[in-house]
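Heads up: the structure comes next, in structure tokens.
The values are calculated or read from the model by the stated rules, or taken from the named source; none is laboratory data. Everything numeric here is computed off the predicted structure, so don't read it as measured data. Every residue, glycine as well, gets a Cβ built from its backbone with ideal geometry; the counts of neighbours run over all protein chains shown. All accessible areas refer to the heavy atoms of the entire protein, side chains included, with ligands and DNA or RNA removed. Shrake-Rupley method; radii C 1.70, N 1.55, O 1.52, S 1.80 Å.
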Amino acid sequence: MSITLESEEHTALRAAVAQLGKRHGRGFDRETLWSEAAKLGYLGVNLPEEYGGGGGGISELSIVLEELGAAGCPLLMMVVSPAICGTVIARFGTETQKREWLPALADGTRTMAFGITEPDAGSNSHRITTTARRDPETGDWLLTGRKVFISGVDIADATLIVGRTEDSRTGRLKPCLFIVPRDAEGFHRRQIDMELQAAEKQFELTLDDVRLPADALVGDEDAGLLQLFAGLNPERIMTAAFAIGMGRYALAQAITYARDRTVWNTPIGAHQAIAHPLAQAHIDLELARLMMQKAAHLYDAGDDAGAGEAANMAKYAAGEACVKAVDQAVHTLGGNGLTREFGLASLITAARVARIAPVSREMILNYVSHQTLGLPKSY
């Protein structure tokens with residue numbers, strides 16, 4: 001009896017994307033790769049067929065991002081545009097929103113950013129201070145607040161902003177999602193000067209009474225938290241794919257170097273001090289991928305609760321595995337690991353992203369200890 005963890009379709013998709021990544025490589029042009037990936041159907045592989053997508057799920061989209069990352073050309077906005085925003089609109093958007101956005105997100109002609117993180121709240125949805133209130137005369141929404149570390153706002157046609165509205169029954173604030181066009185009046189952005197080398201820039205956003213029509217609200221005003229986590233679980237899964245791909249890329253460079261680099265007539269990869277840490281890094285990446293596949297399967301099957309636990313675990317495991325793989329790769333190359341020629345030094349900073357965003361490793365440990373193990377909270 002044989003057990004196949006990946007279908008023939010998934011294996012074929014993985015091979016095809018790997019070839020695309022190989023053609024572009026580490027020196028890739030983001031816009032060119034984005035456009036080609038879109039034309040091949042990879043960007044919208046998770047979106048519904050009736051709106052121009054591939055009819056697949058996060059399982060397929062995570063394969064695309066992982067393989068591009070393993071080839072040295074990851075597309076960070078895949079985590080945001082099709083995975084978070086596309087998923088939320090596909091599941092909860094109005095028919096008008098679906099027809100306006102999903103085909104364009106799938107064919108790459110439009111891109112959407114996602115704004116949840118705030119200076120004083122991080123990604124804690126209960127502490128978000130960006131508020132949305134109704135104009136009683138027009139029915140328009142007015143958004144006021146700040147966001148920070150929002151990726152790709154300059155190249156996005158709109159940003160899906162997480163705000164909070166007042167519950168008319170309880171008076172308490174509840175999260176809601178709004179589509180804010182890039183050129184909306186009162187919607188300002190400031191680029192953050194980052195050490196991180198990435199094609200996608202980071203921004204601080206200011207919303208100063210940004211006026212939006214009533215139909216800018218995505219989904220049901222009373223189901224904001226459900227809709228929010230419908231986007232955050234794919235984000236965690238895709239961040240795991242991003243990290244696993246990066247770790248695989250770094251590890252591949254180290255393996256090639258360890259095979260070729262000879263000292264005292266012996267390839268350095270023959271020495272266990274070099275070989276064993278690389279083997280451990282490979283094992284950790286493979287284990288992280290298994291959890292990512294489980295999380296994606298649960299999410300695509302509609303098990304939001306099960307997917308939430310698995311997605312957090314996958315993101316944690318992938319972040320840890322990626323950091324260790326990059327560190328070991330740099331160490332294997334020695335001084336060469338810090339040169340531009342081999343392209344590993346910049347990954348030292350990039351690998352940390354998977355430990356920090358979209359939620360820190362410590363908050364995932366909190367989640368597992370409270371939600372999975374049933375331990376009490378200290379806060």
Task: Those strands (runs of 3 or more DSSP E) lying entirely in region 166-238 with at least 2 residues touching a strand residue (DSSP E or B) at 6+ places or on another chain (Cβ under 9 Å), of a type in the set (S, T, N, Q) and open to solvent by 20 Å² or more (accessible area, probe 1.4 Å) - done: 202-212
Open item on the list: Of everything in region 124-162, what is modelled with pLDDT under 95, assigned to a loop (DSSP other than H, G, I, E, B) and touching a helix residue (DSSP H, G or I) at 6+ places or on another chain (Cβ under 7 Å)? Give them in sequence order.
Closed with: Ser125, Gly139
TODO: Mind listing whichever residues of region 312-345 are among the polar types (S, T, N, Q) and within 19 Å of the chain's Cα centre (by Cα)?
DONE: Asn312
Open item on the list: So Ser151 passes all but one of these: (1) without any contact (Cβ under 8 Å) to a residue 60 or more places away in the chain; (2) among the hydroxyl-bearing types (Ser, Thr, Tyr); (3) under 26 Å from Gly41 (Cα atoms). Which condition number does it fail?
Closed with: (1)
Task: Pairs, first over 15 Å from Ile84 (Cα atoms) and without any contact (Cβ under 8 Å) to a residue 24 or more places away in the chain in region 302-318, second of a type in the set (A, V, I, L, M, F, W, C) and buried (at least 18 other Cβ atoms within 10 Å of the Cβ), C-beta under 6 Å, six or more apart - done: Gly306/Leu298; Ala310/Ala295; Ala310/Leu298
Open item on the list: I'd like to know if region 23-40 contains one or more residues that are farther than 18 Å from Met78 by Cα and at pLDDT 95 or above.
Closed with: yes
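Condition test on Thr117, is it in contact with a strand residue (DSSP E or B) (Cβ under 6 Å, 6 or more places away or on another chain) and over 25 Å from Ala301 (Cβ atoms)?
Answer is yes for this residue.
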Open item on the list: Against the definition (farther than 17 Å from Thr159 by Cβ, more than 14 Å from the chain's Cα centre (by Cα) and of a type in the set (D, E, K, R)), how does Arg99 come out, yes or no?
Closed with: yes
Open item on the list: Please verify whether Ala240 is modelled with pLDDT of 85 or more, in contact with a helix residue (DSSP H, G or I) (Cβ under 8 Å, 6 or more places away or on another chain) and hydrophobic (A, V, I, L, M, F, W, C), treating the condition exactly as stated.
Closed with: yes
- [ ] Could you tell me which residue of region 10-30 is most open to solvent (accessible area, probe 1.4 Å), considering only residues that are of a type in the set (D, E, K, R) and either in contact (Cβ under 8 Å) with a residue 24 or more places away in the chain or touching a strand residue (DSSP E or B) at 6+ places or on another chain (Cβ under 9 Å) (or both)?
- [x] Lys22
